[in-house]
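Colleague: This structure is in structure tokens; I'll ask about it shortly.
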Amino acid sequence: MKNLKKMLSAIFILTCGFFTIGSNVNAQTEKMESALTKEEKSEGTLEFQTKGQYLQEGQTIIVNAGKGKVNAGGKTTAQQVVNEVKIAVIIEQYNNGSWSQVYTWREAAYNDYVVSTSKTLEVPRGYYYRARGIHSANTDVGNSFTNGIWMG
């Protein structure tokens, strides 16, 4: 009887854990939604729930540079000099109701507190584009993303 109670308790705890994990994933997915705008420029800031030990802030930006080009980039700032501060910038295209990656690049700095990067990229017209950033300072990681801008 004791073993049955232990087993049922374990199953209950595991079930509760799975539901909690599922709701956290859904909440994060909802946060990753971007508004679709006709603006020329959009900026995003770090979505970091609790202030980390190392990571202070992160930004991404995307700008319509005209003639089928976008300027995009980002910046990661640590709270102090760290072993490694990094940013990955992902350019995504909105098509058929979802975002798809079209470009990505990374930049890192060592024994520093800030890293930034930017590029001018050619993109097909007739779609919305956004920039997404993955920011890290040592073991702290956070995300930022812009709204979608129309490239007509």
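The values are calculated or read from the model by the stated rules, or taken from the named source; none is laboratory data. What you see is a predicted model, and the numbers here were worked out from it, not measured in a lab. Here the Cβ positions follow ideal geometry from the backbone for every residue, glycine too, while neighbour counts run over all protein chains shown.
Colleague: Hey, does the stretch 104-113 have a residue that's over 19 Å from T37 (Cα atoms), under 16 Å from the mean Cα position of the chain (by Cα), part of a strand (DSSP E or B) and among the aromatic types (F, W, Y)?
Modeller: Checked the stretch 104-113: at least one residue is over 19 Å from T37 (Cα atoms), under 16 Å from the mean Cα position of the chain (by Cα), part of a strand (DSSP E or B) and among the aromatic types (F, W, Y).
Colleague: Would you check if A108 is aliphatic (A, V, I, L, M) and in contact (Cβ under 8 Å) with a residue 40 or more places away in the chain?
Modeller: It is false that A108 is aliphatic (A, V, I, L, M) and in contact (Cβ under 8 Å) with a residue 40 or more places away in the chain.
Colleague: Right, another one. Does the stretch 21-29 contain any residue that is at pLDDT 95 or above, surrounded by 11 or more Cβ atoms within 10 Å (Cβ to Cβ) and out of contact with any His (no Cβ under 6 Å at 6 or more places or on another chain)?
Modeller: No; the residues of the stretch 21-29 include none that is at pLDDT 95 or above, surrounded by 11 or more Cβ atoms within 10 Å (Cβ to Cβ) and out of contact with any His (no Cβ under 6 Å at 6 or more places or on another chain).
Colleague: In addition: Being in contact with a Leu (Cβ under 8 Å, 6 or more places away or on another chain) and either modelled with pLDDT of 95 or more or within 30 Å of Y113 (Cα to Cα) (or both) is the requirement here; does A65 meet it?
Modeller: Spelling it out, it is not the case that A65 is in contact with a Leu (Cβ under 8 Å, 6 or more places away or on another chain) and either modelled with pLDDT of 95 or more or within 30 Å of Y113 (Cα to Cα) (or both).
Colleague: Can I ask one more? Is it the case that A109 is modelled with pLDDT of 95 or more and either buried (at least 22 other Cβ atoms within 10 Å of the Cβ) or not assigned by TED's automatic domain parsing to the domain that holds E43 (or both)?
Modeller: no
Colleague: Does V89 meet the test of being under 28 Å from G126 (Cα atoms), surrounded by 10 or more Cβ atoms within 10 Å (Cβ to Cβ), over 16 Å from the mean Cα position of the chain (by Cα) and at pLDDT 90 or above?
Modeller: So V89 does not fit the description; no.
Colleague: Give the residue that is surrounded by the most Cβ atoms within 10 Å (Cβ to Cβ), with candidates limited to residues of the stretch 137-152 that are within 14 Å of the chain's Cα centre (by Cα) and over 20 Å from K119 (Cα atoms).
Modeller: G142
Colleague: Additional query: Please count how many residues of the stretch 130-150 are under 14 Å from G74 (Cβ atoms) and not aliphatic (A, V, I, L, M).
Modeller: 10
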